[in-house]
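The values are calculated or read from the model by the stated rules, or taken from the named source; none is laboratory data. As the structure is a computational prediction, the values presented were derived from the model and not from experiment. Neighbour counts are summed over all protein chains in view; Cβ atoms, including those assigned to glycine, are modelled from backbone coordinates with ideal geometry. Surface accessibility is based on the protein's heavy atoms, side chains included, excluding ligands, DNA and RNA. Shrake-Rupley method; radii C 1.70, N 1.55, O 1.52, S 1.80 Å.
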Amino acid sequence: MGAITPHYRTVAQLLQSRTFSVDDYQREYKWDTSNIEELLSDLLGRFQNAYRDGDEPSAVAGYPTYFLGSIIVTRRGNVDFLVDGQQRVTSLTLLLIYLYREAKRCGYPVAATIESLIFSDNYGQPNFNLKITDRLPAIRALFHGEDFTADGRDESTQAIIRRYQDIHESGVIEELSTTVPNFIYWFINSVGLIEIVADTDADAYAIFETMNDRGKPLSPVDMLKAYLLAPIEDQDQRAAANQTWRRTVRTLTSWEPDPNPERDAVFIKTWLRAQYSETIRDRKAGATDKDWELIGTTFHRWIRDQATRLRVGDAKSNFLLMTEEFPFFARAYEQILEAGRRYTPGLEAVFYNTHNDFTWQSTVLLAPLAVGDDDTTVRRKMGVTATYLDIWLMRRVVNYIRVSYSNVSYTMWMLCRDIRNKPLDDLIDTLRDRLADDEATFEGNPSRNRDGISGLVLNQFTRRYIFHLLARLTAYVEAGSGRADQFPHYVDRTVKNPQDIEHIWAADYAPHAHAFPDEDDFWYYRGHVGALVLLPADVNRSYQDLPFAAKAPHYAKQNLYAASLTNAAYKHQPQFRAFAKREELPFRPFDSFDLSAVQERIQLVHALAKKIWSPDRLEEFRG
C-alpha cells in the first residue's frame, strides 16, 4: 500500500480551489430532507450556543468547532475522486451556494469568500468544485439563481434540487438574522472533517472497506443496549432481552424498500423525544442543550443521566423496557414508515404529511401512544394525530409560514408534551382545542398580516405546497363524485407522465392589458392558486401557451377539478353535479376566464380547503 495521508480540513481548506468528482459506479446522492434538517439544526445549535449579543465576526475564531467525520479521496491528475464522502461534500456545497446567494443579496462582503469555495476561475470559465457531469447543470443553475426543472433527470439531480429547496425553506437566514456573516465565517473556518488521501484507487477502497467492515467502534445503540443489559443478571432474562433487542433492531434497519443501518438510532431518538423529553433549550444565544437536543445527539448518555426520572437502571425496569416498550414503539414506528410509503386507509394523513416532507411527524405520532394500547387504539391515535398535523401544516403554508425542522422544533416539543400518553377521546379533545385556538387558518393569520387562500400565489416557497394542495383538491372532487381517490397517482413523480401545475392563463400579458393597467397585477393573478390546475405533463406542455377558449376542450377530458371549468363536466358527469350540490360548493363552468373568474375560483378553493382540512375530520377517529 502506498502513502496514506490524513489531514484535518476546515470547509474553507477542503473546498478552496479544489475539484471533486465521483466514479460512475458510485451510488447516487441520497440525502433526504431529514439529513439536511438535522445538519442545519446541529450547525445552528452549535453556533447559537457560542454566540453572544454584539459579537463581531472576528469573535467566531474562538467558538467551538464542529466535526463532520472523514472522507476518503484518491487523486487523478487535477481532480480528487471521492471514494467516501460525496453525500457530505455535495450537501456542504448546496449550503454554501445558498449562503453565497443570500450574502450576495444582502451585500455582505463574505459573499466573495464563499464564491471561491464553490468554483474557481479557469481562464474566465467557472470550474465548480463538484465536477460531476450529470449534476453540473443543476449546480450551475442554483449558483446563478436560475430556474431548473429536475423532472426526468437522474436521481442525484432530483435530490440536489429538492435538498437545496429544503435549505431555502428551512428559515435559516431568518433565524440567524443579523448574525448571518458571523455564522458564515464560523461555518467555513470552524466546521471541518478529516480528509484521507490515498495514492491509488486500490488503496482508497481498501481504507474504505477497513473503516466500514472491521474494528468499528460501538455505536450509541450498542452502548445503550450494554447499559440496559448490565443489571440483568438472570441469564434467561438477559438472553431474552438481548434477543428481543437484536430482533427489533434488525427489523428496523432492514425495513424494505429502504434498508438503513442508521434507522435504529433514528427510531430511538424519535421514541425518547416523543415519550420522555421534558425540557428544551431556551431560544436565546448562549442557552445550553436540554432533553430535546441531548436525545438527538447523545441519547445513550442521556438515558443513563436521567435513569431516576425514567425509572430505569435496575434489572426489572430494564428488562421491561427492552422486551415490551422498545419493540412496542418500534412496531408503531414501522407502521408510520409504511403508511408514509403506501396510501393506507385510516392513515391517509400520514401519507399526506410524508409527501409534504414533515420530518417531525414520526416523533409526534408516537407521543400519545402508551404501552398496552391495542392495535386499533394505536392506529386511531396515530391517524387522528396525523390528521391534526395535516390541518395544522396546511393552515401555515397557505399563510407563507415556514414549517421546517428548526422552525417548528419548539412547537413540536410542546405538542408532544401536551398529548403524551393521552387516552383517545382526551387526545381528540386536546387536538380540537388546539385547532380552535390556532390563529393561522385558511382565512389568514392576522398577527403576521397574511391572507390565507386569498393571498396564495405560486413562488419558490409555495410551489411544493400548491402542488400538494391541488392534488388534494383534485382527489377530493373525484372521490366525492364516485371515482377512485387518486392522490398517490397525482403526486407520483416517478411515473412516465407525471402531473404538472398548469396556468390557466398563458404567459401573455397583452390579451389582459385592459383589465390590468399594472402588468405586475397580471402576473400575480396568473400565479394565484385560483388560476391553477393539475394536468399531465404532456398535456401541460402542449396547451400551456393557448388562450382559455382553446384549452377548455382539453380540460374537459382531464380530472374533474380541471374539467369543472367547462360545460362538459356539468352535462356529462351527473355524480359530479350531485357532489357539488350536496356539498354546496360554488362550482360553475366558464365561457371565458377573466379576473372575475379567477376570483370565483379562489372562493371555490377556499370552500374546498375548509372541507378537506376541517377539524371535524378528527371526530372520525373516536372509538
**Asked** How are the Cα pair distances of segment 395-516 distributed, in percent, across 5 Å bins from 0?
**Response** 2, 9, 12, 14, 16, 18, 15, 8, 3, 2, 1, 1, 0
**In range of the label at residue 401: residues from segment 415-444 whose backbone nitrogen is under 12 Å from the point 7 Å along Cα→Cβ** = 435-444
**Item:** Rounded percent of accessible protein surface that carbon and sulfur make up, segment 219-273, 1.4 Å probe
**Value:** 47 percent
**Accessible surface of segment 519-591 [probe 1.4 Å, protein heavy atoms]: carbon and sulfur percent** = 47 percent
**Request:** Note down the magnitude of the dipole of segment 313-406 about its Cα centre, charges +1 on Lys and Arg C-beta and -1 on Asp and Glu C-beta and zero elsewhere, to the nearest 20 debye.
**Result:** 400 debye
**Message:** Among DSSP bridges having both ends in the chain, what percentage is antiparallel? Round to the nearest 5.
**Reply:** 70 percent
**Request:** Hey, can you find the accessible area per residue of segment 336-427 for me, probe 1.4 Å, expressed in square angstrom?
**Result:** 31 Å²
**Item:** In Å², nearest 10: area of residue 305 left accessible to a 1.4 Å probe
**Value:** 110 Å²
**Message:** Projecting each Cα onto the charge dipole of the chain (Lys/Arg +1, Asp/Glu -1 at the beta carbon, about the Cα centre), which of 100, 409, 150 comes out farthest on the positive side?
**Reply:** 409
**Message:** Run the simple label-point estimate for residue 284 and residue 320 please: 7 Å along Cα→C-beta, distance reported in nm.
**Reply:** 4.0 nm
**Request:** Determine, for each peptide in 144-156, 544-556, the mean count of other beta carbons within 10 angstrom over its residues, then list the peptides with the highest first.
**Result:** 544-556, 144-156
**Asked** In debye to the nearest 20, how big a dipole does the chain give about its Cα centre with +1 on each Lys and Arg Cβ and -1 on each Asp and Glu Cβ?
**Response** 560 debye
**Protection-proxy order for peptides 465-476, 427-438, 584-595, each taking the mean of Cβ atoms within 10 Å per residue, highest first** = 465-476, 427-438, 584-595
**Prompt:** What full-extension length gain, to one decimal in nm, is calculated for residue 222 and residue 202 as 0.36 nm per residue of separation minus the Cα-Cα distance?
**Reply:** 4.1 nm
**Prompt:** Relative to the present Cα-Cα distance, how much length would full extension add between residue 572 and residue 79 at 0.36 nm per residue of separation?
**Reply:** 171.1 nm
**Message:** Cβ neighbours within 10 Å, averaged per peptide: list 238-244, 158-164, 492-498, 443-449 in order, most packed at the top.
**Reply:** 158-164, 238-244, 443-449, 492-498
**Request:** With +1 on each Lys and Arg Cβ and -1 on each Asp and Glu Cβ, and nothing else charged, work out how big the dipole of segment 412-535 is about its Cα centre, in Debye to the nearest 20.
**Result:** 540 debye
**Message:** Run the paramagnetic zone check for residue 610: 7 angstrom along Cα to Cβ, then residues of segment 376-411 with backbone nitrogen under 16 Å.
**Reply:** 395
**Request:** Report the calculated FRET efficiency for residue 600 and residue 105 (r = Cβ-Cβ distance, R0 = 22 Å), to the nearest 0.05.
**Result:** 0.05
**Asked** What nm distance separates the two modelled labels at residue 622 and residue 4, each placed 7 Å from Cα along Cα→Cβ?
**Response** 6.6 nm
**Complete:** By the Kirkwood definition, with r running over pairs of different Cα atoms, the chain has a hydrodynamic radius in Å of 27.0 Å
**Prompt:** Pairs 381/581; 225/269; 581/611: which exceed 23 Å Cα-Cα?
**Reply:** 381/581
**Asked** Can you work out the FRET efficiency for the pair residue 32 and residue 541, with r the C-beta to C-beta distance and R0 = 41 Å, to the nearest 0.05?
**Response** 0.90
**Asked** In segment 108-174, if every C-alpha pair distance is counted and binned at 5 Å from zero, what percent goes to each bin?
**Response** 3, 14, 22, 25, 19, 11, 4, 0
**Prompt:** Equivalent-ellipsoid semi-axes (√(5λ), Cα gyration tensor) for segment 548-610, whole Å, largest first?
**Reply:** 18, 16, 9
**Asked** If you stretched the chain out fully between residue 436 and residue 515, how much longer would it get, using 0.36 nm times the residue separation minus the C-alpha to C-alpha distance?
**Response** 24.5 nm
**Message:** I'd like the accessible area for residue 106: 1.4 Å probe, protein heavy atoms, all chains in place, Å² to the nearest 10.
**Reply:** 60 Å²
**Pair residue 493, residue 449: separation of 7 Å Cα→Cβ label points (nm)** = 3.3 nm
